[in-house]
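Notes to accompany the following structure.
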Amino acid sequence: MSMHDRGTEPIRAAAGPTVSASRPVALVEAGFQALARLRRAPALHPRGLTCTGELEVLGDGCGPWDVPWLDMPRRLAATARLSRAVGLPRRLPDGLGLAIRVADADGPGGTLDLLMTSSGRGRAGRHLPLPRADAQRGLYSSLLPYRVAGRSCLLAAIPRRTRQARVPGDPEGIAAALTAGPLVYDLCAETGDRSWRRFAVLTVRDILPMDRESTLDFDPHAHSARAFTPGPALAVIRRAAYRGSRVGRGGRREAS
C-alpha cells in the first residue's frame, strides 16, 4: 500500500472519533485513541528508549532485490526505539518492540519506518508475538507480511549477542547494555523457502533525551518505500490503530 493511497480513508468528523463506514475499524481507532490519551504515550509500547543509530544496506552477492533502497549499498542515519508492549514490571516477560526510522531511505525526504515485535522462530511462531525478558535473545518479526518487489514475505531483526550474558528488556536494562557498547541487529527478509536473507545491519548507539509525550510516531503505512510496503493483511485495522494512537497523543490524524 502506497503512502500516497488515500482512497480508502474514513471521513473525518468535526470532533470526536473518526467516522468510518466500517464500525470495527472505527472502534479500533477510538480505542487506541483513548488509551494513548490516558497514557500520554503510545497506546502500546509506552515505555522505551529512543536512540541514535546507523543502518548499513548490504550487497550480499545474491543478486538484486529489485527494490530501489535495497539495491544501493550505503550507510544511512537511523533512529531506533526499543520498548515494552504493555509496560509490565521488569522482572516479568513482556512483548518487546523494535521500531526503526531510516532517514532518506527512498531518496531525499523518503523516510522509512519499520516495526518489529519479539516473536517465535518457526514458520508459524514468527507470525505470533512472544513475550521475552531478554532483549537480545530471539527474533523480532514484522508478524505480518510485507510486499517486497511484489513478493509477500516477513521481515525480521536478529540481535547479535552482546558481551553481557543477559540484557533485560526494559529501559534501564537496555541503557546499561548501551554503556558497554552498541546493540547490533541483522535485518532480514524471508526467501521462498522461508529462510532469512540479510539486507542490512542496524547499529543502535546513544540514548536520545526524549520523554513519553515527545516519542516519535512510527508508522510503516505512512512511511514506506517503493516496492517495499506493508502487505494487505489487516492493513486497514493496523492503520486505524496507528492513527488512533497518534491522535490520542495530540498528533495529526494523518502523518506527513
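Read-outs throughout are calculated quantities, based only on the coordinates presented, and are distinct from any laboratory measurement. Since the model is a prediction, treat every value here as computed from it, not as a measurement. All Cβ positions, glycine included, derive from the backbone under ideal geometry; neighbour counts span all protein chains shown.
For this structure, a couple of remarks:
- Near GLY61: Cβ cut-off under 12 Å, other residues only, Lys/Arg at +1 and Asp/Glu at -1. The net charge is +1.
- Pairwise label distance in nanometres, MET72 with LEU208, each label 7 Å out on the Cα-Cβ vector: 2.2 nm
- One decimal place: the segment THR191-LEU128 gains 20.8 nm when fully extended, by the rule 0.36 nm per residue minus the C-alpha distance.
- Near CYS188: Cβ cut-off under 10 Å, other residues only, Lys/Arg at +1 and Asp/Glu at -1. The net charge is 0.
- Neighbour net charge for THR52 - beta-carbon separation under 9 angstrom, K R +1, D E -1: -1
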